[in-house]
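The values are calculated or read from the model by the stated rules, or taken from the named source; none is laboratory data. All of these numbers come straight from a predicted model, not from anything done at the bench. Cβ placement follows ideal geometry from the backbone for every residue including glycine, while neighbour counts extend to all protein chains displayed.
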């Protein structure tokens, strides 16, 4: 899991900052950091709710992994619908 995040986050940051004008880069960078923090918090909370539910331990862990795989598939689906980033074509 850490490898995927380590590969994705620098690319996302670079692409976002490449599309932002020089005076907007600070706001975009802050938005990226805030979004990452909120998504980590929400995923941690969801995982904690599932793990502490009344389900048996094996079902809880299986459900957590299923949720994480579903979130990963959703992220892949969303990213595959966008075209290549081209800062030069930005108006």
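Across the stretch 7-29, the qualifying residues are those that are touching a helix residue (DSSP H, G or I) at 6+ places or on another chain (Cβ under 6 Å) and free of Cβ contacts under 8 Å to residues at least 12 places away in the same chain, and the one among them that is nearest to residue 75 (Cα to Cα) is 20. For the stretch 64-91, a tally of residues being surrounded by 10 or more Cβ atoms within 10 Å (Cβ to Cβ), part of a helix (DSSP H, G or I) and at pLDDT below 80 returns 2.
Scan the stretch 36-51 and give yes if some residue there is in contact (Cβ under 8 Å) with a residue 60 or more places away in the chain, in a helix (DSSP H, G or I) and touching a helix residue (DSSP H, G or I) at 6+ places or on another chain (Cβ under 6 Å), otherwise no. No, that holds for no residue. For residue 32, indicate whether it is in contact with a helix residue (DSSP H, G or I) (Cβ under 9 Å, 6 or more places away or on another chain) and either at pLDDT 85 or above or not in a helix (DSSP H, G or I) (or both). Yes: the conditions hold for residue 32. Among the residues of the stretch 52-63, are any modelled with pLDDT of 80 or more and under 28 Å from residue 15 (Cβ atoms)? Scanning the stretch 52-63, I find no residue that is modelled with pLDDT of 80 or more and under 28 Å from residue 15 (Cβ atoms), so the answer is no.
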